[in-house]
Each structure stands twice: as C-alpha cells, then as structure tokens.
C-alpha cells in the first residue's frame, strides 16, 4: 500500500475504512484499504465471502499475487 496512487495495484488512492460501518453507527475510519477493496467491501455485510477466506480469486482483473491472509476486525 502506497501513498502514491500510481504505485497501488488499482492505481487509486488509499481509502479510510470503518471497522464498524457507518450504516451501523460507526464514526471512526480506523484503517486504510486500497480504494477498490474498500468500495467492494461496502457496508461489511459480506465480509465472510472475502476471497482471502473463501479461497476464490478477487473479482478485479489483476495479476495473481498469491494467497494473502490478514486479520479482519
């Protein structure tokens, strides 16, 4: 993850994400995600379907960067 959008895989700026979605009363953007990842995450109701948990590839047409697992709140 880079501050310079041209260095990120989606060529977009990083985006502040709310662990507790605003739709559920969250007010603090407490982590950074790639812009595309944050918009695909939406309100977080489908987090259990993320490719890192299901083993499926992401929907965007990007090179396979291998399996990466990270903590999710």
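Observations, loosely collected:
- Verdict on residue 48 being free of Cβ contacts under 8 Å to residues at least 12 places away in the same chain and touching a helix residue (DSSP H, G or I) at 6+ places or on another chain (Cβ under 7 Å): no
- One residue from 58, 13 being touching a helix residue (DSSP H, G or I) at 6+ places or on another chain (Cβ under 6 Å) and modelled with pLDDT of 90 or more: 13
- Residue match in the range 17-39 (condition: assigned to a loop (DSSP other than H, G, I, E, B), in contact with a helix residue (DSSP H, G or I) (Cβ under 7 Å, 6 or more places away or on another chain) and surrounded by 13 or more Cβ atoms within 10 Å (Cβ to Cβ)): no
The values are calculated or read from the model by the stated rules, or taken from the named source; none is laboratory data. On a predicted model such as this, the values are computed, not experimentally measured, just so you know. Counting neighbours? That spans all protein chains shown, and the Cβs are built from the backbone with ideal geometry, glycine included.
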